[in-house]
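What follows draws every value from the coordinates through simple rules; no lab data is involved. No experiment lies behind these values; they were computed from the predicted model shown. So basically every Cβ, Gly included, is an ideal-geometry build from the backbone, and we count neighbours across all protein chains shown.
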Amino acid sequence: MMMNRRLFLNQFGMGLGAISLCDLMSPASATARTGGVLKQLHFVPKAKRVIFLFQAGGPSQMDLFDYKPLLNKKHGEQLPAEVRGKQRLTGMSGNQSSLPLVGSPFKFKQHGDSGQWFSDQLPFTAKVADDLCIIKTMHTEAINHGPGVTHIQTGSQFPGRPSIGAWLSYGLGSENEDLPNFVVMVTKNKGGQPLVSRLWGSGFLPSRHQGVRFRSGKDPVLYLNNPPGIDVRSRREMQNALNQLHELEQVDQIDPQIENRIAQYELAFRMQASIPEATDLSKEPKHIFDLYGKDAGNPGSFAANCLLARRLAERGVRFIQLYHQGWDHHGGLPGGIKGQCAETDQPAAALIQDLKQRGLLDETLVIWGGEFGRTNYCQGKLVGANFGRDHHPRCFSIWMAGGGVKGGISYGQTDPYCYNIVENPVHVHDLQATLLYLLGIDHERLTFRYQGRAFRLTDVHGHVVKSILS
């Protein structure tokens, strides 16, 4: 009879205590205890977890963070040929005979001791200016939404690769065995470019590392609750019987997928108790709801999801991904930006404040940003005050806070037209390499062999942006 690890541990149960004690006494194996493949971290970690507030659609950098008064002075003039160079445009504006520059309709002011520039559409974010590192020189090769979102979430423009959260689950495991390592939330009732589950998938990694989507309503996780007539005891007995069948199958056929299924069934059973408690916002005090804004009591809103993200961070969830659609402003940008900021500005700033007052910000890396930026010229004809901007991958802005990142700094510089980078470019893979570094991981050493090649999140690129580290 073939012997596998699960069968060995079952038959030699008397040795489990010694194995566990040895494991607990070894600092180097701290991550191994929680299910990660890394026996010890490559660096001393500055963060334990990540909350990624992903703004799908491509927020306009020069209308939010990257103040460019020259665009207002040259409003309506043509984009200079020497500024554009030979860069490609999308099919939506590539055939335009005219590319008129458009200044921002919003007012900018400096905020905080650091003097960071913010649009007047971000009054709450401006209040936490000294906690933020604003990277103004992000860039990507992707010029359309599907490849762009896939690139920043998985490290490749092509579908099929593991997402960031899956890589972290695979490498580090979990701080809380009763909750998923990787949780995803999507703002409800939002239009925009579609979001597909492969963006939080595990790709070629074991399936237990894929993201678990939380939904609004009484059942945050689909099919988790017991059906009518089934109680906890019955569910436990059924689970035990199913595990025994899986273990018998393992005797004849050693298949990692069987162990993955056992692990996922066991997690689902434990989640029946942990999820209702973690997602119950009713015990949050009024001043916390006031902090996150009027939508915080509306399940599935961005504000409610930010509040829930803080609760999950408290409980040790490794990677928390929030998606908020609606930033794809090819037309009607002034009104569109106002609406988006009304939904996201206060909750995002509140999350920073809430984590900070609980002593969690130093160990939680928060990221805000989209897949690319917007053009400095108008898509279509510039008529009146209503206009749109096309996709622009050459430079865009994101911000980071906590988790070992310097606060109150602006990193990188774009040209006066906000079209090209002139200082300190940061590629998508650099962002991913830096994220892993802050969690104690060398991005070149967290790999998975698949189809004859060792894959990693950053593909064959990426450099840690050490200038922004505290």
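In a simple Cβ point-charge model (Lys, Arg +1; Asp, Glu -1; nothing else charged), segment 364-470 has a dipole of about 160 debye relative to its Cα centre. Taking Lys107 as the anchor, which lysines have their alpha carbon closer than 17 Å to its alpha carbon, excluding any fewer than eight residues away along the same chain? Leaving aside lysines fewer than 8 places away in the same chain, those within reach of Lys107 are Lys68, Lys73, Lys74, Lys127, Lys338. How far, in nm, would the chain grow between His246 and Val37 when pulled straight, counting 0.36 nm per residue and subtracting the alpha carbon separation? Going from the current span to full extension adds 73.0 nm. Of Asp113, Asp415, the sequence from fewest to most neighbouring Cβ atoms within 10 angstrom is Asp113, Asp415.
Taking the DSSP bridge list for the chain and keeping only pairs wholly inside it, about 50 percent are antiparallel. In a shell of Cβ-Cβ distance under 14 Å around Ile320, excluding Ile320 itself, what net charge do Lys and Arg (+1) and Asp and Glu (-1) give? In short, +3. With contacts taken as Cα pairs under 8 Å at a separation of at least 6 residues, the chain carries a relative contact order of 28 percent.
The C-alpha atoms of the chain define a longest principal axis, and helix 232-252 lies at about 80 degrees to it.
Going by C-beta contacts inside 10 Å, put Val149, Val464, Val212 in order with the fewest on the left.
If I rank by nearby Cβ atoms, fewest first, I get Val464, Val212, Val149.
Report, in degrees rounded to the nearest 10, the 0 to 90 angle that the Cα long axis of helix 16-25 makes with the longest principal axis of the chain. Compared with the principal axis, the helix lies near 40 degrees.
Compute the length gained on full extension between Gln110 and Lys381: take 0.36 nm times their separation in residues and subtract their Cα-Cα distance, giving the result in nm to one decimal. Mind dumping the intermediate values first?
Details: separation 271, 0.36 × 271 = 97.56 nm, distance 3.20 nm.
Taking Gln110 through Lys381 to full extension adds about 94.4 nm, to one decimal.
Relative contact order for segment 250-390: 22 percent, from Cα pairs under 8 Å spaced at least 6 residues apart, divided by residue count.
For every helix of n ≥ 4 consecutive DSSP H residues, a contribution of -39,500 (n - 2.57) applies; sum these over the chain, divide by its total residues, and give [θ] at 222 nm rounded to the nearest 500 deg cm²/dmol. Intermediate results must be reported in sequence, preceding the final value.
Numbers: 14 runs with 155 residues, N = 470.
About -10000 deg cm²/dmol.
Most exposed first by the Cβ proxy, i.e. fewest other Cβ within 10 Å, how do Phe182, Phe124 rank? Mind showing how you got there, number by number?
On the way: Phe182 28, Phe124 19.
With the sparsest Cβ surroundings first, the list reads Phe124, Phe182.
In the chain, the longest principal axis of the Cα atoms and the axis of helix 145-154 are about 50 degrees apart. Computed over segment 101-181, relative contact order equals 13 percent, with contacts defined as Cα pairs under 8 Å that lie 6+ residues apart.
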